[in-house]
Amino acid sequence: MSGTLNKVMLIGHLGDEVKMHYFEGGGCIGRFPLATNETYTSKQTNERITNTEWHNIVVRNKGAEICEKYLSKGDKVYIEGRLKTRKWQDDKGMDRYSTEVHCTDFTFLSTKKESENNVSNTASEQKPSAHQKPNTEPVGEEKEDDLPF
């Protein structure tokens, strides 16, 4: 294969609000941290361990404005983009590097409020309330549908 590929796909939660920067020409850029988690069980201690990885997300122009308007800390989002490393000098003249995900596409998956509501709703859905009719369909039988396949 002679070509190269620089593509990143992430699903995670915003670690902070979207910070906007506006430019004189009318363009803008939005930045926010995104947290992704990896959970596994330790073989030695048999306890669940969660590792969080933080990613610096950069969104440009109209996409940045949409993210600022609809996303807030804790929201779950799908991000697609490419990696880009920036280099700058700090106050002491030392070279510093930062790797960012330059977003080319995104999808809002859930808001923090929706996630909190889903947790409380699933607890209440497990038992029927007084005005709900319990499900009396047989478990092993398939319902007939009108799908062509």
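The values are calculated or read from the model by the stated rules, or taken from the named source; none is laboratory data. As the structure is a prediction and not an experimental result, all values here were calculated from the model. Reconstructed Cβ throughout: ideal geometry from the backbone, glycine too, with neighbour counts over all protein chains shown.
When restricted to residues that are over 13 Å from the mean Cα position of the chain (by Cα), polar (S, T, N, Q) and under 22 Å from residue 54 (Cα atoms), segment 1-37 contains 1. Among the residues of segment 37-64, those that are assigned to a strand (DSSP E or B) and closer than 21 Å to residue 86 by Cβ comprise 53, 54, 55, 56, 57, 58, 59, 60. Can you tell me how many residues in segment 6-24 are assigned to a loop (DSSP other than H, G, I, E, B), out of contact with any Leu (no Cβ under 7 Å at 6 or more places or on another chain) and either at pLDDT 95 or above or under 17 Å from residue 59 (Cα atoms) (or both)? Result for segment 6-24: 4. Residue pairs whose Cβ atoms lie under 8 Å apart, separated by 6 or more positions or on different chains, with the first residue in segment 81-94 and at pLDDT 95 or above and the second of a type in the set (Lys, Arg) and exposed (fewer than 10 other Cβ atoms within 10 Å of the Cβ), are 81/7; 82/7.
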